[in-house]
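Since the structure comes first, as structure tokens, the remarks are kept for the end.
What follows draws every value from the coordinates through simple rules; no lab data is involved. Nothing here was measured: the structure is a model prediction, and the numbers come from that model. Here the Cβ is made from the backbone with ideal geometry for all residues, glycine too, and neighbour counts use every protein chain on show.
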Amino acid sequence: MNTLSGKHILLGVSGGIAAYKSADLVRRLREQGAEVRVVMTAAAREFITPLTLQALSGQPVHSDLLDPRAEAAMGHIELARWADALLVAPATADFMARLVQGRADDLLAAVCLACEVPLAVAPAMNRAMWQQSATRDNLANLRARRVHVLGPDTGSQACGETGPGRMLEPGDLVRLLCGMFQEGALAGRRVLVTAGPTREPIDPVRYISNRSSGKMGYAVARAAAEAGARVTLVSGPVALALPERVNGIQVETAEQMYAAVMGHIADTDIFIAAAAVADYRPRDTAGQKIKKSAADMTLALEPNPDILAAVTALPEPPFTLGFAAETGALETNARHKLRAKSLDMIAANLVGPGQGFEVDDNALQVFWDGGSQQFGLTRKTHLARQLVALLAQRYQARYNKDTVVKLHAQDSA
Ligand code: CTP
């Protein structure tokens, strides 16, 4: 059975060029077994006709708050009660601002205000509007109210510019909406995972690397997706298949991994650094294969960026889980890294011959400020599920604490 079978989805369409994608969205939601009703703003009707959405949804389209006939048929309160979830796609910058203000001056805003079921928005706007502090503030406010923010995507925009602000594709939105109905511990959360080794080139045929197989990172990415998260996996070279429902980005060097992570971090709720990033790279990469000679050879190395430390140094870092592979003094070393890199959690394991790297089983000790948990030797796939369940609990604990602090700050302002 499809996840959306029999679900009542109220689709709000606000006035942006991405409204043309709403037609496909209605079709796909129905393919998943959902019953769909559409509420359009006046501006949305300038971009796509109600007739199109009516034909695809098989239901009359709602637009008027003050039309007595429409209200008599199904008013804003009934629409809000009818829905199992409300998705506004596209959600323009203006609509999000109105949502933040709690306005009820048109039908869609009134339905959102009356809604007591999960509410999701799929932002769609020009990249400069998306990056404006006003929009960022609105977004933070909506997230604090548990509104699911789906996307946006990065890419070419209708205005001719390129950057973040494109509405997610209808298929992605449907997938994320399904995630909201799965009782996953990370439903609707955006998780970024690094995995595998990095390769630091010496010359066109040689590189420095390490024994990481990527198995733990891939298992964590899979477990996070199973828990309902939207997962992006930035991976060094490994011989593993990308887990289902995970968006993969392949890189080779630490610098490429750093760039990929930084490119996605603004839209990340939880960052999991499972990669074994090479701490150093050759200072010079030879353009030609280095020929052997009888003399000794010295390779000059320079440090790579610490990706995890760079993430936690951001003004608004996501929740972070780091890994520590140690050959001894596990707790002391792991707790030192937890503090030194300002992490929320660290998962530590012992490595050595037949332990940690390249094998299918592992054991972990997880530490956070004021607590720890031990997971005994088991398959990495099972271990990853246990770790993700713990991570979801710790994330929720911090999330609740932050919300209380924010609300107190607002009260005393
Ligand atoms: N890490 C990272 N970027 C690096 C190095 C490490 O993101 N350049 C992350 C790893 O993915 C891991 C954590 O940092 O989550 C710990 O890595 P580790 O190499 O064990 O820590 P270091 O501080 O480099 O300590 P050590 O001296 O043990 O190498």
Handout entry: Gyration tensor verdict on segment 234-275 (Cα atoms; rounded if a/c is under 1.5, prolate if a/b is larger than b/c, oblate otherwise)
Key = oblate
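Too long at a 31 Å Cα-Cα cut-off: which of 291/337; 215/337; 21/380; 289/337?
With Cα atoms farther than 31 Å apart: 291/337; 21/380; 289/337.
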Practice task
For the chain, build the charge dipole from Cβ charges (+1 Lys, Arg; -1 Asp, Glu) around the Cα centre, then report which of 115, 65, 8 sits farthest towards its positive end.
Solution key: 8
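Would you order 5, 213 from fewest to most other beta-carbon atoms within 10 Å of each residue's own beta-carbon?
Least crowded to most crowded, the residues run 5, 213.
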Handout entry: Contour excess over end-to-end distance, with Cα ends at residue 140 and residue 94 and 0.36 nm allotted per residue
Key = 15.0 nm
Completion exercise
Between the Cα axis of helix 20-31 and the main Cα principal axis of the chain, the angle (0 to 90°, nearest 10) is 90
Fill in the blank from the handout: Most exposed first, judged by fewest Cβ atoms within 10 angstrom, 117, 388 run 117, 388
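Got the relative contact order for the chain handy, in percent, Cα pairs under 8 Å and 6 or more residues apart?
10
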Practice task
Could you work out how far helix 133-144 tilts from the main Cα principal axis of the chain, as a 0 to 90 degree angle to the nearest 10?
Solution key: 90
Exercise for the section: Compare 14, 235, 63 in a GNM of the chain, Cα atoms joined below 10 Å, and give the one with the largest fluctuation. Expected result: 63
Fill in the blank from the handout: So the compactness index of segment 8-180, its C-alpha Rg divided by 2.2 N^0.38 Å, takes the value 0.95
Problem - Taking segment 8-180 and dividing mean pair separation by its residue count, relative contact order in percent (alpha carbons under 8 Å, at least six apart) - result: 23
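What is the magnitude of the charge dipole of the chain about its Cα centre, with +1 placed on the Cβ of each Lys and Arg, -1 on the Cβ of each Asp and Glu, and no other charges, expressed in debye to the nearest 20?
On the way: 43 positive and 42 negative charges, 117 e Å.
For the chain, the charge dipole is close to 560 debye.
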Problem - the chain, helix-only ellipticity at 222 nm - DSSP H runs n ≥ 4, -39,500 (n - 2.57), divided by all residues, nearest 500 - result: -11500 deg cm²/dmol
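When only C-alpha pairs under 8 Å and at least 6 residues apart count, what is the relative contact order of segment 106-181, in percent? Walk me through the numbers before you get to the answer.
Numbers: 84 pairs, mean separation 23.8, N = 76.
Value for segment 106-181: 31 percent.
Figure the gain on full extension for residue 113 and residue 59 (residue separation times 0.36 nm, minus the Cα-Cα span) and round it to one decimal in nm. Could you put the intermediate results ahead of the total?
Values: separation 54, 0.36 × 54 = 19.44 nm, distance 2.24 nm.
Difference between extended and current length: 17.2 nm.
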Problem - Size of the chain as Cα extents on the principal axes (Å, biggest first) - result: 91, 49, 48
Practice task
Obtain the nm distance between the two label points defined at residue 342 and residue 67 by a simple spin-label model: each point lies 7 Å from its Cα along the Cα-to-C-beta direction.
Solution key: 5.3
Exercise for the section: Give the angle, between 0 and 90 degrees and rounded to the nearest 10, that separates the Cα long axis of helix 380-412 from the longest principal axis of the Cα atoms of the chain. Expected result: 60
